[in-house]
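The values are calculated or read from the model by the stated rules, or taken from the named source; none is laboratory data. All of these numbers come straight from a predicted model, not from anything done at the bench. Every residue, glycine as well, gets a Cβ built from its backbone with ideal geometry; the counts of neighbours run over all protein chains shown. To get the accessible areas, we keep the full protein, side chains included, count just its heavy atoms, and leave off ligands, DNA and RNA. Shrake-Rupley method; radii C 1.70, N 1.55, O 1.52, S 1.80 Å.
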Amino acid sequence: MNVQYHVIIVGSGIAGLSAAATLAGHGLDILIIDESGHRGGQLLRKTRLKPSCFSKFEPDLMKSKGFDLVWTINKDPDIDWLFNARVLGIFKDRRLLVHIENIKTHGEKASEKIIEVRAENLILATGAREKYLPFKGWTLPGVMSLGAAQILMKSYGVLPAHNTLIAGTSPLMMVLASEILGNKGKVTALVDENSMIKKLTFLPLIKNHWSKLLEGAFYTSRMFLNRVSVFQGYRVIQASGNKGFQSAIMAKTTPRGDVIPGTEVRFFSGALLVGYGFAPNIELPVQAGCKLEYQENKGGWVVKVDETLESSCRSVYAAGEITGIAGAKKSFIQGKLAAMSILKKVGKINARNPKKIFTAEIQRLLFLNHQQTAYSSFLNRLCQAPASAYAAIPDETIICRCEQITMGTIKKNIQQGFDTISSLKKATRCGMGRCQGRICGPVIFDIITALTQKKPEHIGCSLSRAPVKNVNIKAFLNS
Amino acid sequence: MQSKKPGVHLSLAMESLNRFEGLQKELPTDIEFKKIGGMVIIETDAEYRAMEKFIKEQQAIGLDVRLLDLHQALEKEPFLSPSILGSTFSPLDAQVNPINLTLGFALAAKRNHARIINHAEVLGIHTKNNRVTGVATTRGNFDADIVVNAAGSMAGLISELVGISMPVHPRRGQIVVTHAGKPVLAHCLISAKYIAAKYDPSLADKAGQGISMEQADNGNLLLGSTREFVGFNKENTLSGIRRIIRQTAAVLPVLENFQVIRTFAGLRPYTPDGLPILGPVRHLNGFFMAAGHEGDGIALSPVTGDLMARMLLGQKIHTPLDAFSPDRFENYGGKHHG
């Protein structure tokens, strides 16, 4: 481990890996930092390294690409990996404060500590997290996000429940259902907020993405073959149960997104998985000083970048979901593009990398990157729950889980004029708890938008300060 | 209370303290005001001698404060490190939720028909015949016979708009916030170094900047702080965060079991003599100062508001205010206003 690197990459998901693989072999000191214990982010989580025969039919081509990248990176001795390590903050001159969990040094007891590393160039590939549409009972044990259920199954081999109900707007719902079926679980029903008509209107956006259409067709047929009941144009409006989740009520919605009274149906199930799309993890970019922009088609607040993927902050690049939610392929392209921008900047275009070919490759990547815009727009418009759904959240529903702040309190304060993220936080304490607003932040943004129709730049987004996630004080004292 | 300089400063603080109890009932928010008592932690012999002298002065004007040895200090705060020498204690030190207090004042003002214009940057102050006539902002012009400059650390910039130089400078303070845990602190704690740093910046460099600790109502510990002159920069620094954590954990070892959930930084309005600037500016009629409280803005807010209101209404004031008068910074020039 050095104290300084030519390039530090934060996040070893597909964007981070593709950046590292592109930078490999150029004699640059590179450090990849990831908070999990494995490489490849959510995509490669606990997936077999050597794909079995069956996996060849796996519609997601990006997985095998991911393993190729790891292979390339591992050949370069100048690339350091730091796993189970979390970047807590980014300070002036790209100095990173990194928390390392229990490193075992020779003959010494494992203990967490905090180190500082400096990056001449920084590639932020921090990915995304899930978004929610709160409803009555969404805090019950047994109600979880699609991603949480996926981690349960992939990393721990545990099904969420014997019978699982899946709801939301996200295309990930079908992937999850498919994984549950593959693990011999049962899917009670799949409740899709989007009606068939709505989905068809978005279809032209992905006319150039035939592989995505195939993927969709693959999963749809799997649902059909396994006789999973699929409800389209329905929303879960309440989860209930004694101590834990037992049943959910769903109701039909109008094209505008209002619940139609009298259409309620109750489902009994062991678990409820929900997913309403993704929000970029912008906390670290914000700390680094990167400017953001609000783009509904990209999934909300995203890092503003130029063509080279450099942010408003010099030598800080952003790649993957944080510049706009669009899935693995765009992340793969952007990781490469950011890395090539750095190679160009540090003068690594030489005999091995003739300028002409290099420039042509950049042009190709820019084109591919642009191609992803339409898919991004499809994905994010599909996932975004309608404003009326946020406005209609019942008063007693908890919005900020850490501080137990209800919709009623939030509504009352918005009406009193606390209608920005930061003023509402001060007035109600929403977003001040352990998670520092990572869960409720995007929800509150959508609630303020729905209730006030204010412009995104007037609502703002929460200010991020170190540490991005909680850290033991002990770690500071150990270092 | 204990962090206030004996003299007019302390008398002002004592007056403010009396007003807080009423505010708890008067304001529409729960300001979480509690007289929990406070301790100044003494770690070295030199500090012990300095604090002995300091509290004698405080006692002389009637402040209820006394010295505690290690044993007595640990009785009051069992989680303190046994490596300290002792502390002072005053039952008068109090705690208040600053966000709720500010909100409370704002809502109460609104109830009394005050208009609050948010997101309005002040572009200029209109004057005529050596009198203020209004304020120009990004959200429009507002006519007024009186303008109060209560712009905190930016008060110096606002005075500049009318060519008056007021020595109010931003002094950064960084704070570390822990998760909400079980009660480990019953009082507000500051270190003797804190008092030194507050009143003698040259000491601050030598003796470190001093620490402050308190546990909020919901269990979050607030660990502070730094005193830095870095312009209007509100960023946190690595060295600042590390120093706060090291120094507070040395005094309160139980911190080892806590987690940091957030850090933040703010700007205090510093004045060269450590006292706020309150009152009319002699060379421009209708222009009043109410700024420069450094870290005492919250503690002194009730009495500041009260005094300013009386001044503006031309009512009689019993507190001697010369020490706070803008006149004491004579260099502000007397430029004539047309």
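Brief remarks on what is shown
- Shielding by partners, peptide A:91-98 (average Cβ within 10 angstrom, other chains): 2
- Each residue of the range A:286-300 was assigned a 3J(HN,Hα) from its phi angle through the Karplus expression (A = 6.51, B = -1.76, C = 1.60, θ = phi - 60°), giving 4, 5, 6, x, 6, 6, 10, 9, 9, 9, 4, 6, 10, x, x Hz with x at Gly and Pro.
- Descending Cα extents along the principal axes, the range B:36-128, whole Å: 59, 33, 25
- Taking amide H positions as modeled 1.01 Å from N, with prolines and chain starts lacking one, the residues under 5 Å from residue A:399 and 5 or more places away or on another chain are A:405, A:406, A:407.
- Number of partner chain Cβ atoms within 10 Å, mean per residue of A:29-42: 0
- Relative intensity of the range B:159-284 on a log10 scale, I(q)/I(0) at q = 0.11, 0.17, 0.20, 0.23 Å⁻¹, equals -0.45, -0.90, -1.13, -1.36, per a Debye sum over C-alpha point scatterers of equal strength in the absence of solvent.
- q = 0.04, 0.05, 0.06, 0.08 Å⁻¹, the protein assembly as shown: log10 I(q)/I(0) [Debye, one scatterer per Cα]: -0.21, -0.32, -0.47, -0.81
- The trypsin sites (Lys or Arg not before Pro) found in the range B:47-129 that occupy coil by DSSP, while having at most 15 further C-beta atoms within 10 Å, are B:115.
- Across the range A:386-403, coupling constants 3J(HN,Hα) worked out from phi with the 6.51/-1.76/1.60 Karplus curve, θ = phi - 60°, read x, 4, 4, 5, 6, 5, 8, 4, x, 3, 7, 6, 7, 9, 8, 6, 5, 9 Hz, and Gly and Pro carry x.
- Helix A:328-345 axis, angle to chain A major axis (alpha carbon atoms, nearest 10°): 30
- Heavy atoms of residue B:10 accessible to a 1.4 Å probe, total area in Å² rounded to 10: 0
- Relative contact order %, chain A, counting alpha carbon pairs below 8 Å whose residues are six or more apart: 18
- Diffusion constant of chain B at 4 °C, which comes from Stokes-Einstein with the Kirkwood Cα-pair radius and 1.567 mPa s, µm²/s: 61
- Whichever lysines have a C-alpha closer than 25 Å to that of residue A:199, once near sequence neighbours (fewer than 8 apart) are set aside: A:131, A:207, A:212, A:252, A:298, A:329, A:330
- Simple label model, 7 Å out from Cα along Cβ direction - residue B:133 to residue A:213, nm: 7.0
- When A:180, A:115 are compared by accessible area of protein heavy atoms, the largest-first order is A:115, A:180, using a 1.4 Å probe.
- Shape call, the range A:108-222: gyration tensor on alpha carbons, a/c limit 1.5: oblate
- Considering only alpha-carbon pairs that sit under 8 angstrom and 6 or more positions apart, the relative contact order computed for the range A:393-459 is 29 percent.
- Restricting the range A:116-197 to trypsin sites (Lys or Arg not before Pro) that sit in a DSSP loop and have at most 10 other Cβ atoms within 10 Å of their own Cβ leaves A:184.
- Relative contact order %, the range B:212-276, counting alpha carbon pairs below 8 Å whose residues are six or more apart: 28
- Residues whose amide H falls under 5 Å from that of residue A:192, counting only those 5 or more places apart or on a different chain, are A:231, A:232, A:233, A:234, with hydrogens built in the peptide plane.
- Exposed-site-free run, longest, chain B (rule: chymotrypsin sites (Phe, Trp or Tyr not before Pro); DSSP loop; at most 14 other C-beta within 10 Å): B:80-228
- Backbone HN-Hα couplings from phi across the range A:270-283 [Karplus 6.51/-1.76/1.60, Hz, Gly and Pro as x]: x, 8, 10, 9, 10, x, 10, x, 10, 10, x, 7, 9, 4
- Interchain or long-range residues, amide H under 5 Å from residue A:317's placed H: A:122, A:123, A:124, A:311
- Efficiency of FRET between residue B:14 and residue A:115 - r from beta-carbon atoms, R0 45 angstrom, step 0.05: 0.40
- For the protein assembly as shown, adding -39500 (n - 2.57) for each run of n ≥ 4 DSSP H residues and dividing by the number of residues yields -10000 deg cm²/dmol at 222 nm.
- Annotation: the antiparallel percentage among DSSP beta bridges lying fully within chain A is about 50.
- Ratio of Rg to Rh over the range B:108-161 (Cα coordinates, Kirkwood Rh, two decimals): 0.97
- Largest-first principal axis extents, alpha carbons of the range A:393-459, Å: 28, 23, 17
- Anchor residue A:411: lysines whose Cα lies under 17 Å away (excluding residues fewer than 8 positions away in-chain): A:136, A:425, A:426, A:454
- At a probe radius of 1.4 angstrom, the accessible area of the protein assembly as shown per residue rounds to 45 square angstrom.
- Where B meets A: accessible area buried, both sides, 1.4 Å probe, Å²: 2700
- Carbon plus sulfur fraction of accessible area for the range A:393-459, probe 1.4 Å, in percent: 51
- In summary, chain A shows an alpha-carbon radius of gyration equal to 0.98 times the 2.2 N^0.38 Å reference for compact globular proteins.
- Across the range A:244-347, Cα-Cα distances exceeding 24 Å account for 46% of all pairs.
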